[in-house]
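Trainee: Following this message is one structure expressed as structure tokens.
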Amino acid sequence: MYKQFTTDVLHLPTFTLNDEGERVEDGWILGVEPKPQSHLCPLCFQESTNHARNKHRILRHAWVSTQETIYIRVPVHRQRCEDCGITWTVKWPEIPVRGNVTVHFKQMIARRCIGQSFEAVSRDLAVPPSTVASWFYTYAEETLAHPADYEAPTALCMDEFAHKRGHSYSVALQDAHTGHVWQTHPGKSRERIQEGLR
């Protein structure tokens, strides 16, 4: 029961906890295992079998108030189709294909940026400021304030951010007092900014 509770708290609905955890210098590593499910071959749509591999990835998943990091140890699942002979890696919605952090960790970072500078969050969590900014702007839409829930801001902060290595830009408008992101708007020209302020 506690294992299911733990995976629910960790926001990993398709996984179950499979060990007690391992203490490391800056936190804990929790082993998780995907819940049993069948995987169809992407070519012939026949049932596939697990191609056994003893390989795991360790991903940074959460940061708790005791200033410790929760890591998860995720098995790399390879499936094999006996009919057409192909193998492939199973993708999980909570686990990115590449990188060493989960989507949940990126969302936590984005929420921590509200009311704090990117540099402060970067120092606290040992993540480069440019990465913190990138994750914030990727998940800024989820942190947008709902205007009906708040009074109109009396002061706004505005910041521009780049997409695709600086080839296109957008502007974020944030309430200077509450830290809520009110709007993101494409473009950074005077006309586009005025359009976003309407």
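Trainee: Any idea which residue in the stretch 81-114 is nearest to W182 (Cα to Cα), counting only those that are crowded, with 16+ Cβ neighbours inside 10 Å and more than 21 Å from the chain's Cα centre (by Cα)?
Mentor: W88
Trainee: Now for a different question. Which one of these is at pLDDT below 80, within 28 Å of V121 (Cβ to Cβ) and aliphatic (A, V, I, L, M): V32, V74, V64? Walk me through it before giving the result.
Mentor: Working: V32 fails: at pLDDT below 80; V74 fails: at pLDDT below 80.
Matching residue, one of V32, V74, V64: V64.
Trainee: Report yes if some residue within the stretch 158-170 is closer than 20 Å to T131 by Cβ and either of a type in the set (K, R) or assigned by TED's automatic domain parsing to the domain that holds T138 (or both); otherwise report no. Break it down stepwise before answering.
Mentor: Looking only at the stretch 158-170, we keep the residues that are closer than 20 Å to T131 by Cβ, and these are 159-170.
Cutting the leftovers down to either of a type in the set (K, R) or assigned by TED's automatic domain parsing to the domain that holds T138 (or both) gives us 164-165.
Within the stretch 158-170 (the criterion being closer than 20 Å to T131 by Cβ and either of a type in the set (K, R) or assigned by TED's automatic domain parsing to the domain that holds T138 (or both)), the answer is yes, since at least one residue qualifies.
Trainee: Regarding A120, is this residue at pLDDT 85 or above, surrounded by 15 or more Cβ atoms within 10 Å (Cβ to Cβ) and small (G, A, S)? Explain how you work it out, then say what you get.
Mentor: On the way: at pLDDT 85 or above: yes; surrounded by 15 or more Cβ atoms within 10 Å (Cβ to Cβ): no; small (G, A, S): yes.
No; evaluated as a whole, the condition is false for this residue.
Trainee: Please specify each residue of the stretch 84-106 satisfying the condition of being part of a strand (DSSP E or B) and either under 18 Å from V32 (Cβ atoms) or touching an Asp or Glu at 6+ places or on another chain (Cβ under 9 Å) (or both).
Mentor: The answer is T89, W92, I95, V101.
Trainee: Please state which of the following conditions F105 fails to meet, knowing it meets all the rest: (1) touching a strand residue (DSSP E or B) at 6+ places or on another chain (Cβ under 7 Å); (2) modelled with pLDDT under 85; (3) not charged (D, E, K, R).
Mentor: Among (1) touching a strand residue (DSSP E or B) at 6+ places or on another chain (Cβ under 7 Å); (2) modelled with pLDDT under 85; (3) not charged (D, E, K, R), the lone unmet condition for F105 is (2).
Trainee: Okay, next question. Looking only at strands (runs of 3 or more DSSP E) that fall completely inside the stretch 15-83, which ones have 1 or more residues that are of a type in the set (S, T, N, Q), at negative phi and outside the structural domain of R123 (by TED's automatic domain parsing)?
Mentor: Working: elements: 15-17, 22-24, 27-34, 56-64, 68-75, 78-80.
Of the strands (runs of 3 or more DSSP E) lying wholly inside the stretch 15-83, those with at least 1 residues that are of a type in the set (S, T, N, Q), at negative phi and outside the structural domain of R123 (by TED's automatic domain parsing) span 15-17, 68-75, 78-80.
Trainee: How many residues does the stretch 159-181 contain that are closer than 14 Å to F136 by Cα and either touching a Ser or Thr at 6+ places or on another chain (Cβ under 8 Å) or assigned to a strand (DSSP E or B) (or both)? Working first, answer last.
Mentor: Filtering the stretch 159-181 down to residues closer than 14 Å to F136 by Cα leaves 159-163, 170-174, 179-181.
Subsequent filtering for residues that are either touching a Ser or Thr at 6+ places or on another chain (Cβ under 8 Å) or assigned to a strand (DSSP E or B) (or both) retains 159-163, 170-174, 180-181.
Summing the residues that are closer than 14 Å to F136 by Cα and either touching a Ser or Thr at 6+ places or on another chain (Cβ under 8 Å) or assigned to a strand (DSSP E or B) (or both) in the stretch 159-181 gives 12.
Trainee: For the stretch 23-32: of the residues being loosely packed, with under 15 Cβ neighbours inside 10 Å and in contact (Cβ under 8 Å) with a residue 40 or more places away in the chain, which is farthest from A110 (Cα to Cα)? It would help to see each step written out before you state the result.
Mentor: Just the residues of the stretch 23-32 that are loosely packed, with under 15 Cβ neighbours inside 10 Å, to begin with: 23-26.
Those still in the list that are in contact (Cβ under 8 Å) with a residue 40 or more places away in the chain too: 24, 26.
On the way: V24: 25, D26: 21 Å.
Among them, the one singled out is V24.
Trainee: Would you check which residues across the stretch 33-69 are small (G, A, S), surrounded by 12 or more Cβ atoms within 10 Å (Cβ to Cβ) and over 14 Å from W88 (Cβ atoms) and list them? Spell out how you get there, then give the answer.
Mentor: Initially, the stretch 33-69 is screened for residues small (G, A, S), giving 38, 48, 52, 62, 65.
Next, only the ones that are surrounded by 12 or more Cβ atoms within 10 Å (Cβ to Cβ) stay: 48, 62.
Once the filter is applied, which keeps residues that are small (G, A, S), surrounded by 12 or more Cβ atoms within 10 Å (Cβ to Cβ) and over 14 Å from W88 (Cβ atoms), the stretch 33-69 yields only A62.
Trainee: Quick check on T131: is it without any contact (Cβ under 8 Å) to a residue 40 or more places away in the chain and either in a helix (DSSP H, G or I) or surrounded by 13 or more Cβ atoms within 10 Å (Cβ to Cβ) (or both)?
Mentor: Yes, satisfied.
The values are calculated or read from the model by the stated rules, or taken from the named source; none is laboratory data. What you see is a predicted model; the values in this text were computed from it and never measured. Here Cβ is always computed from backbone atoms with ideal geometry, including for glycine, and neighbour counts include all displayed protein chains.
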